[in-house]
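Q: Please find one structure pasted underneath; my questions will follow.
The values are calculated or read from the model by the stated rules, or taken from the named source; none is laboratory data. From a predicted model like this one, the values you see are computed outputs, not experimental measurements. Glycine also receives a Cβ, built like all others from the backbone with ideal geometry; neighbour counts cover every protein chain displayed.
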Amino acid sequence: MKTKRLREIVDYDPETGILRWKKRNGNIVGSRHSQGYRETRIEGHRCYVHRIIWQYVYGSTPKNQIDHINGDRSDNRLCNLREATQQQNSGNMKIRSNNKTGIKGVCKSRKGNKWLAYIHLNYKTRYLGTFNNPERAHAAYLNAASKAFSEFVRSR
């Protein structure tokens, strides 16, 4: 969709992150998707609201993914959106729900009282080492993550 047409049918408030329909009594655009993003249909095309907002503000569709800096996929304030590669975006992911240690990048060894550190890069899991405590394993993860993801690192 052309940016000009988009601006004819919606309004965006960058402070609140809310996108509203111009001709539908100002109703908020989209509903919450099962994975937390807001999505909608515009002129027959299913779209994520954060991608519509990017085009609305910057005049073109993003070349990469849009990262929600604070991890809240429904928070579409402009200050919370940034363009990111898939790898950068994955560096900002929250801890997985099936993580048993509660520490990102760390799992407990099956043998004894050791802790393993891992990082996921380029669709591969990389082993970072075995440690005597979870804090050291997490420090190894954070060190590798800061090199790989720079400002996109989320520690938890």
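Q: All but one of (1) in a loop (DSSP other than H, G, I, E, B); (2) in contact with a strand residue (DSSP E or B) (Cβ under 7 Å, 6 or more places away or on another chain) hold for residue 137; state the number of the condition that does not hold.
A: (1)
Q: Name the residue, out of 76, 92, 80, that is under 20 Å from residue 18 (Cα atoms), touching a Lys or Arg at 6+ places or on another chain (Cβ under 8 Å) and touching a residue at least 40 places away in the same chain (Cβ under 8 Å). Before the answer, list the steps.
A: Details: 92 fails: under 20 Å from residue 18 (Cα atoms); 80 fails: touching a Lys or Arg at 6+ places or on another chain (Cβ under 8 Å).
From the options 76, 92, 80, the qualifying one is 76.
Q: Please go through region 36-56 and give me each residue that is in contact (Cβ under 8 Å) with a residue 40 or more places away in the chain, in a strand (DSSP E or B) and either not hydrophobic (A, V, I, L, M, F, W, C) or not assigned by TED's automatic domain parsing to the domain that holds residue 73 (or both), ordered by number.
A: 45
Q: In this structure, does residue 123 turn out to be of a type outside the set (S, T, N, Q) and either in the same structural domain as residue 145 (by TED's automatic domain parsing) or at pLDDT below 95 (or both)?
A: In short, yes.
Q: Sticking with this structure for a sec: So, residue 42, is that one within 25 Å of residue 88 (Cα to Cα) and either in contact with a Cys (Cβ under 8 Å, 6 or more places away or on another chain) or surrounded by 15 or more Cβ atoms within 10 Å (Cβ to Cβ) (or both) or not?
A: Taking the combined requirement at face value, the residue does not satisfy it.
Q: Out of the strands (runs of 3 or more DSSP E) lying entirely within region 66-134, which hold 1 or more residues that are basic (Lys, Arg) and over 22 Å from residue 151 (Cβ atoms)?
A: Per the criteria, 106-108, 124-131.
Q: In addition: From the list 91, 112, 71, which residue is at positive phi and surrounded by 14 or more Cβ atoms within 10 Å (Cβ to Cβ)?
A: None of the other options fit; the residue is 71.
Q: Here's something else I'd like to know. Of all residues in region 17-35, count the ones that are touching a helix residue (DSSP H, G or I) at 6+ places or on another chain (Cβ under 8 Å), without any contact (Cβ under 8 Å) to a residue 40 or more places away in the chain and of a type in the set (A, V, I, L, M).
A: Final tally of qualifying residues: 1.
Q: Looking at residue 63, is it in a loop (DSSP other than H, G, I, E, B) and under 30 Å from residue 18 (Cβ atoms)?
A: Details: in a loop (DSSP other than H, G, I, E, B): yes; under 30 Å from residue 18 (Cβ atoms): yes.
Yes: the conditions hold for residue 63.
Q: Okay, moving on. Is there any pair with a first residue in region 133-148 that is over 14 Å from residue 109 (Cβ atoms) and a second that is surrounded by 14 or more Cβ atoms within 10 Å (Cβ to Cβ) and among the charged types (D, E, K, R) whose Cβ atoms are under 7 Å apart and which are 6 or more apart or on different chains, and what are they?
A: 141/104
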